[in-house]
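The values are calculated or read from the model by the stated rules, or taken from the named source; none is laboratory data. Bear in mind that the values here come from a model prediction, so they are computed numbers and not experimental data. Don't worry about glycine lacking a Cβ; one is built from the backbone with ideal geometry, like all the others, and counts go over all protein chains shown.
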Amino acid sequence: MARKYLGDLAKIIQRLDRRGRLIRVKSEVDPAYELAGVAARLEGRPAAVLFENVKGHTASIFTGLYWSRELLADLVGCREEDLSRFIAARIADWGRNPLPPVVRKTGPVKQVTRKVTDVTQLPVPIHALGDGGSYFDVSVLVAKDPETGVRNASIQRVMVVDKTTMALLIDPGRHLGVYLEKAAARKQPLPFTLNVGVGPGVYFAGATPPGAAPVDTDELGIASEFEGGRLELVRGDTSNVELVANAMYALECDLLPGELEEEGPFAEVTGLYASREPRWKVRVKAIHHRRRPIFHTLLCGAEVANSAGLLAEGHLQGLLPKQVPGVRDVYMTHGGCGVFHAVIQMQPTHAGWAKNAIMSAFAGFNMLKFVTVVDEDVDIRNASDVEWAMANRLLPETGIVRVPASFGLGLNPSFPGDMGTKVGFDCTRALPHEEKDDRIAYRPVDLAKYDIDYGGG
C-alpha cells in the first residue's frame, strides 16, 4: 500500500512526531561537530532527531530516518522482519511496469531561488572530528545520460570546498561514472542536480544496486511505487536536468571532466576515515529551496548500514532462490556494515548447494566480502546463533571458499584499489543429516499458565 506522505519530508516528520518517533533537540547546537556528537549518542533508537536551533542558521537539521529498521518499517507500513522484502517488492513492481516521473513547471523546492550562489551559507554539517569539511551525505544526485537522456539517481558524498565549488566521490562501477565518461568524450561538463531532504522512495531509487536497475532505466520511477503516484520533478534553470519537486533544497551543478579537487577525509560506513585524495570537481550554478527548508543529513554508521543493507538484502532475497534451490532467507549483518557480510539461511538437499549459494551471492552483490550459509534451524538475525553454526558445523578443510583477486568496494581497507579476497563459509550440516546433528529441543510451554515467583529478578 502506497503512502503519499512518503514523498514529502515535512509530512514524514509530522507523522513521526504523531507516532512518538521524533526526538526534538531544542538547545542550540553547532553544525560543526557538536550536532553529530549529539546525534551519535541517540543513534539506533527507534526515533529520528530534529535539531530545531542550529547555530548560525534559521533552518532545522533532521537525521536518523534510516538508523532503525523498526522506525522505517513503521513509517512505510510493514513489519520490521518484512522490511527488506517490502522494499524489494516495490522495486520489482517498478521493473515490471515502470511509472516514469512527471515534469511540472514548478514545485515547493523552487519557492526560493537564491540570488547569490553560495553553498557555504547552507546548514551543511561537519560530522566526525577528522572529516575534511562539510558534507552532503544523504542527498540524491540526478543526472542524465549525455547520449540517451535517461536519468540516473545515485547517492554520492559531496564535500563543500568554497562558495561555488565542491568535490565528489564516484565509486567504481556506478552508472554516474559511465555518464561522466560520455560527457568527457564530448568535452562537455556533466550537469546534475543535488536534491536534499527527499522521501525514502527517492533515496532508495538512488541506492538501488546496479543489478536491480540497469543503466538504461530511469531509476527515479522507483519512488513512484512508494508514493502512490508519479514522482513529480521540476525543470532546472541552468540545464535540462530536473529537480525533485518536493525536495527541501536542490542545487544545480556541473561535474567537470578532467578537473580534480582535494576531497576527504570522511567518516565512512566502515567506521574508518576515507582518505583525502584528488576527486571530481563540481561547480555549483544555482541553489533553490523551500520557504521553510529542513536540511537532511545522516551519520555514516547505522543509517548507511541499514539503508544499503536493506536494498542489498532484498535484492539477494529475490535473486538467490531463483538460482539455488533451498534458499530461505538472507540477512546483511550490521557488523558487516550492511554491505560486506551476507548470512544465508537455506535447506540444502544436495551436497555443494551451499557453495553455489556463496558464489551466487558474490556475483549478485559485488560489495560482499563474506558470505556465511547456515541451515534453516539457525536464526540468521542473531549473531550468536550464526557463530554457533560456525563453531559447530563448519568443516574448515572443505567448508571455506576463498576467491582471491576479486572486485569489491575500496572503502573497505582490506580491498585496496577495489581488489581483495572474498571468503565464504559453509556452516550447514553434512548430508545426509544424522541425528547427532540435530539441535537440542525442549517442550514448548506458555509461562503465563504457571504461578511463578521471579523473586524480583
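Some notes on this structure:
A quick yes/no check of all residues on (1) of a type in the set (A, V, I, L, M); (2) surrounded by 20 or more Cβ atoms within 10 Å (Cβ to Cβ); (3) more than 22 Å from T208 (Cα to Cα):
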site: F362; (1), (2), (3): no, yes, no
site: M367; (1), (2), (3): yes, yes, no
site: S406; (1), (2), (3): no, no, no
site: P416; (1), (2), (3): no, no, yes
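- Checking every residue in the stretch 236-256 against the condition of being in a helix (DSSP H, G or I) and either hydrophobic (A, V, I, L, M, F, W, C) or out of contact with any Phe, Trp or Tyr (no Cβ under 9 Å at 6 or more places or on another chain) (or both) gives zero matches.
- At least 2 residues being in the same structural domain as L9 (by TED's automatic domain parsing) and within 18 Å of the chain's Cα centre (by Cα) is the threshold, and among the strands (runs of 3 or more DSSP E) wholly inside the stretch 19-77 those reaching it are 60-63.
- Residue in the stretch 412-419 that is touching a helix residue (DSSP H, G or I) at 6+ places or on another chain (Cβ under 7 Å), under 19 Å from M332 (Cα atoms) and among the polar types (S, T, N, Q) present: no
- Identity of the residue in the stretch 311-355, of a type in the set (K, R) and either in contact (Cβ under 8 Å) with a residue 24 or more places away in the chain or outside any helix (DSSP H, G or I) (or both), that ends up nearest to G408 (Cα to Cα): K355
- Some residue of the stretch 424-435 being without any contact (Cβ under 8 Å) to a residue 24 or more places away in the chain, surrounded by fewer than 13 Cβ atoms within 10 Å (Cβ to Cβ), outside any loop (DSSP other than H, G, I, E, B) and not acidic (D, E): no
- Taking the conditions (1) closer than 20 Å to V244 by Cα; (2) over 20 Å from the mean Cα position of the chain (by Cα) in turn, I155 satisfies each one other than (2).
- Residues satisfying the stated conditions in the stretch 393-423, i.e. of a type outside the set (A, V, I, L, M, F, W, C), farther than 30 Å from F266 by Cβ and either in contact (Cβ under 8 Å) with a residue 24 or more places away in the chain or not assigned by TED's automatic domain parsing to the domain that holds I344 (or both): R393, T398, G399
- Residue satisfying condition, being of a type outside the set (S, T, N, Q), touching a Phe, Trp or Tyr at 6+ places or on another chain (Cβ under 8 Å) and outside the structural domain of L220 (by TED's automatic domain parsing), within set A274, A308, A312: A312
- Some residue of the stretch 259-266 being in contact with a helix residue (DSSP H, G or I) (Cβ under 6 Å, 6 or more places away or on another chain), surrounded by fewer than 22 Cβ atoms within 10 Å (Cβ to Cβ) and not in a loop (DSSP other than H, G, I, E, B): no
- Conditions (1) under 20 Å from L220 (Cα atoms); (2) under 22 Å from the mean Cα position of the chain (by Cα); (3) charged (D, E, K, R): number failed by E147: (2)
- If only residues of the stretch 175-205 that are surrounded by 23 or more Cβ atoms within 10 Å (Cβ to Cβ) and of a type in the set (G, A, S) are counted, the one that is modelled with the highest pLDDT is G197.
- Verdict on L395 being buried (at least 17 other Cβ atoms within 10 Å of the Cβ) and of a type outside the set (S, T, Y): no
- Residue match in the stretch 370-389 (condition: within 20 Å of I91 (Cα to Cα), under 23 Å from the mean Cα position of the chain (by Cα), outside any strand (DSSP E or B) and at pLDDT 95 or above): no
- Scanning the stretch 78-96 for residues that are farther than 15 Å from E227 by Cα and not in a helix (DSSP H, G or I) yields one hit, R79.
- Odd one out for R439, checked against (1) within 34 Å of the chain's Cα centre (by Cα); (2) within 20 Å of V343 (Cα to Cα); (3) not hydrophobic (A, V, I, L, M, F, W, C): (1)
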